[in-house]
Amino acid sequence: MAQSRPRPPLPYNMREVVQPGDAACPGCPIPMAWKVLSAVFGEKMILVIPASCSSVVVGAYPGNSLKASVVHVAFASAAAVASGIREALRMRGINDVQVIAWAGDGGTADIGMASLSGAAERNHDIIYIMYDNEAYMNTGIQRSSSTPLGAWTTTTPIIGKTEHKKDVARIMIAHGVPYVATASVAYPHDLYAKLQRARRIRGFKFIHLHAPCPVGWRFDPRYTVRVAKLAIETGMWILYEYYDGKIRLSGPSRPYMDPSRRKPIEEYLKMQGRFKKITPEKIEEIKKYVEQNWDWIKRHM
Amino acid sequence: MVEETLLKKKNIKPLTGNYAVAYAAKMARVQVVAAYPITPQTSIIEKLAEFIESGQLEATMIRVESEHSALAATFGAALAGARAFTATSSQGLLYMHEWVHWTSRARIPVVMAIVTRALAPPWNIWPDHMDFYDQRDAGWVMGFGMDNQEVFDLVLQAFKISEDPRVYLPVMVGLEGFILGHTTMPVELPEQELVDEWLGPRRQGFVVDGSQPLAHGNLAWPEDTEEMFMDIQKALMAAKRVIREVDREYGELFGRSYGGLVQCIHCSDAKYIAASMGAWSGDLMEAVEKLREEGYPVGVLRFRYIRPFPGEEVAEMIGGVRGAIVFDRGISFGSMGPLYMETVAHLSRHQKKIPAIQNIVAGVGGVNIEWTDFYRLVKEFIETLEAGREPETFKWYHKPRR
């Protein structure tokens with residue numbers, strides 16, 4: 001049964017925590033998402049950030065654009081450090097501070113996978129957010145395991161990526177953690193509601209956040225939200241929550257369970273320079289992949 | 001009967017080196033232990049798990065999926081205000097090496113035991129010092145024990161040193177696998193109340209616990225970065241004084257002082273010095289006793305800490321002698337033994353006349369070196385000098401498998 005969720009107004013304190021003057025590129029999805037985080041947790045969050053664009057976006061010492069706690073850590077270690085912080089806070093009786101591992105797709109799906117898996121299996125009471133810009137953007141657009149099929153990157157410069165995107169949310173569901181969700185920077189209310197639910201659940205929470213990068217995906221910085229929305233409207237990215245053993249499709253994705261209501265995938269691809277040279281065969285493969293994803297969702301609802 | 005009463009009164013327990021480490025961490029009241037099993041370290045965390053699960057130690061254990069995460073989680077816990085501890089060996093230490101640097105550069109007090117073991121390939125579980133040596137440039141205080149009692153004392157003192165505001169750096173304590181790690185010796189445990197009073201509550205330079213917004217590790221410009229690293233050097237130099245103070249203070253309270261950064265036996269009237277680190281120093285001391293009986297004026301300088309390097313002590317003890325022989329249980333491939341290289345460098349730094357000095361690399365891969373080997377090597381060195389000949393500067397002393 002589809003559940004209706006009232007659209008909570010986003011509180012106005014977002015600019016108090018996410019301050020102007022960060023080092024993000026124009027159109028960067030990272031501060032957009034941080035504003036939603038700050039709406040939920042305010043200053044009472046500790047972001048554990050491994051090597052990634054976010055390591056730069058917060059700003060250079062002695063400046064800092066976030067009025068919350070930030071701990072920069074070695075690339076593979078976001079989940080491990082977050083585990084340690086959480087356990088120390090628990091031992092010290094501090095329970096009103098949210099520990100959040102905030103890592104990119106490389107720091108999550110690739111180099112950080114082992115520590116993520118370990119922390120999830122141990123079920124530490126933290127929120128892990130994988131902000132997925134689908135390549136190593138901070139080092140200059142190299143392929144990650146989360147890069148979609150056919151995408152140009154500087155390490156797939158001529159033929160594009162030859163494998164599909166790694167589905168990390170599904171890997172996390174397989175860990176049996178109490179909460180897994182997908183989200184998108186184009187739907188802040190949806191992300192807000194998911195963070196609110198996550199904060200009420202004890203144990204390991206994982207949120208896979210789709211975050212289009214204008215620089216790496218080759219689109220005009222003004223279109224970050226438009227591209228992110230198209231990912232949903234074409235069915236390329238599906239918003240859902242998983243808890244109590246079931247998938248629950250989120251509001252923005254609900255209409256697109258019906259394939260006839262989806263926009264053509266080409267609309268999403270053609271907005272992005274990284275798919276400029278994609279072959280028709282690969283587009284067909286992507287379409288099949290999207291269908292398989294929807295089938296999987298339907299089977300687990 | 002009398003002896004038994006004495007044992008009871010002094011609370012002497014028969015402990016392996018690994019258990020001595022675990023007892024020291026327990027008596028320091030660590031709050032978070034994050035660790036991953038590896039031979040020959042494993043029995044430390046097994047013992048700590050037992051302490052925690054039986055309620056003897058109020059702490060949480062994070063049973064991580066790798067050593068890289070072990071030190072990462074230990075760091076996280078320490079950063080957030082808990083007294084935290086981990087232990088590892090060999091490959092595990094190399095796997096966490098990124099975090100060895102990260103923890104010290106972050107100036108987070110943490111204590112880690114290193115139960116040394118040869119590095120692979122080939123697979124080998126016997127001890128040498130090369131895993132420990134490999135961490136020299138990381139900015140940790142690095143101590144190394146000779147017997148289980150000293151290992152216990154070093155680990156307990158490591159918390160005190162690490163959390164001293166003049167230091168605020170992590171401390172690692174080395175002990176050889178099996179030779180100390182799995183060998184039972186009597187260890188005197190101090191009274192918990194006295195330890196609590198002496199060690200006090202957790203101290204650190206800053207805490208990230210959400211009580212106020214605090215960013216740590218932000219991208220910094222070269223000049224700021226260099227200043228932070230210069231502070232680490234300063235803190236390690238200050239740690240020399242702290243180590244000496246703690247050693248003295250510990251002696252007054254608990255009855256055991258070792259001499260600070262080095263231990264010296266028969267040094268005051270020695271014309272020759274034999275230097276070493278770790279458990280095999282016991283064998284060296286035995287050899288030196290025998291040589292003394294035979295009239296050779298030789299003493300032993302045992303390195304208890306190699307970071308900070310005891311340059312002043314080395315200059316004082318070795319600066320005026322006729323000859324020194326430095327034993328290294330490891331080598332910097334393509335060069336020489338680290339203890340030797342640093343000894344020579346610090347003699348030069350303190351503008352001391354560098355005596356005839358020989359480096360013996362031995363015991364690598366766990367090859368057993370006995371007191372008779374030390375006896376022969378030291379005697380040969382002295383006799384060569386006394387005969388007016390130049391001893392070899394470097395020798396890899398190897399004993400083939402029988």
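The values are calculated or read from the model by the stated rules, or taken from the named source; none is laboratory data. Treat the numbers as computed from the prediction; the structure is a model and nothing was measured. We place every Cβ from the backbone using ideal geometry, glycine too, and count neighbours over all the protein chains shown. Protein only, heavy atoms only, side chains kept; ligands, DNA and RNA dropped before computing areas. Shrake-Rupley method; radii C 1.70, N 1.55, O 1.52, S 1.80 Å.
Counting only residues that are more than 8 Å from chain A (Cβ to nearest Cβ) and either open to solvent by less than 40 Å² (accessible area, probe 1.4 Å) or of a type in the set (Val, Ile, Thr) (or both), how many does region B:210-231 have?
1
Would you mind listing the strands (runs of 3 or more DSSP E) fully within region A:9-124 where at least 1 residues are without any contact (Cβ under 8 Å) to a residue 40 or more places away in the chain and within 11 Å of chain B (Cβ to nearest Cβ)?
It comes to A:69-73.
One residue is enough: does region B:54-71 have a residue meeting the conditions more than 14 Å from every other protein chain (Cβ to nearest Cβ), open to solvent by less than 10 Å² (accessible area, probe 1.4 Å) and farther than 30 Å from A:Ala51 by Cα?
no
Regarding B:Ile125, is this residue open to solvent by 30 Å² or more (accessible area, probe 1.4 Å), assigned to a loop (DSSP other than H, G, I, E, B) and not charged (D, E, K, R)?
Criteria met by B:Ile125.
Condition (residue is modelled with pLDDT of 95 or more, open to solvent by 10 Å² or more (accessible area, probe 1.4 Å) and within 27 Å of B:Ala138 (Cβ to Cβ)) applied to region B:294-308: is it met by at least one residue? Give the steps one after another, and end with the answer.
Within region B:294-308, the first condition is being modelled with pLDDT of 95 or more, and the residues that meet it are B:294-308.
Filter once more, so that each one left must be open to solvent by 10 Å² or more (accessible area, probe 1.4 Å): B:294-297, B:307.
When the remaining residues are screened for being within 27 Å of B:Ala138 (Cβ to Cβ), the result is B:307.
So far as region B:294-308 goes, yes, one or more of its residues are modelled with pLDDT of 95 or more, open to solvent by 10 Å² or more (accessible area, probe 1.4 Å) and within 27 Å of B:Ala138 (Cβ to Cβ).
Quick check on B:Glu252: is it away from every other protein chain (no Cβ under 14 Å) and closer than 30 Å to B:Asn359 by Cα?
No: the conditions fail for B:Glu252.
Just a yes or no: is a residue in region A:72-84 buried (at least 18 other Cβ atoms within 10 Å of the Cβ), closer than 18 Å to A:Leu191 by Cβ and of a type outside the set (Phe, Trp, Tyr)?
Scanning region A:72-84, I find no residue that is buried (at least 18 other Cβ atoms within 10 Å of the Cβ), closer than 18 Å to A:Leu191 by Cβ and of a type outside the set (Phe, Trp, Tyr), so the answer is no.
Just the residues that are within 20 Å of B:Gly177 (Cα to Cα), out of contact with any strand residue (DSSP E or B) (no Cβ under 7 Å at 6 or more places or on another chain), open to solvent by less than 70 Å² (accessible area, probe 1.4 Å) and outside any helix (DSSP H, G or I), please, taken from region B:361-398.
Answer for region B:361-398, where residues must be within 20 Å of B:Gly177 (Cα to Cα), out of contact with any strand residue (DSSP E or B) (no Cβ under 7 Å at 6 or more places or on another chain), open to solvent by less than 70 Å² (accessible area, probe 1.4 Å) and outside any helix (DSSP H, G or I): B:Gly363, B:Val367, B:Ile369.
Please go through (1) open to solvent by 50 Å² or more (accessible area, probe 1.4 Å); (2) farther than 17 Å from B:Pro37 by Cβ; (3) over 23 Å from the mean Cα position of the chain (by Cα) for B:Glu98 and return the number of the only condition it doesn't satisfy.
(3)
Looking at region B:45-52, can you tell me whether even one residue there is in contact with a Ser or Thr (Cβ under 6 Å, 6 or more places away or on another chain) and part of a helix (DSSP H, G or I)?
First pass over region B:45-52, keeping only residues in contact with a Ser or Thr (Cβ under 6 Å, 6 or more places away or on another chain): none.
No, region B:45-52 contains no residue that is in contact with a Ser or Thr (Cβ under 6 Å, 6 or more places away or on another chain) and part of a helix (DSSP H, G or I).
State yes or no: is B:Lys234 modelled with pLDDT of 95 or more, closer than 17 Å to B:Gly139 by Cβ, away from chain A (no Cβ under 14 Å) and open to solvent by less than 40 Å² (accessible area, probe 1.4 Å)?
So B:Lys234 does not fit the description; no.
Residue-by-condition table, conditions (1) surrounded by fewer than 24 Cβ atoms within 10 Å (Cβ to Cβ); (2) over 20 Å from A:Arg274 (Cβ atoms):
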site: A:Arg92; (1), (2): yes, yes
site: A:Asp132; (1), (2): no, no
site: A:Asn138; (1), (2): yes, no
site: A:Thr147; (1), (2): no, no
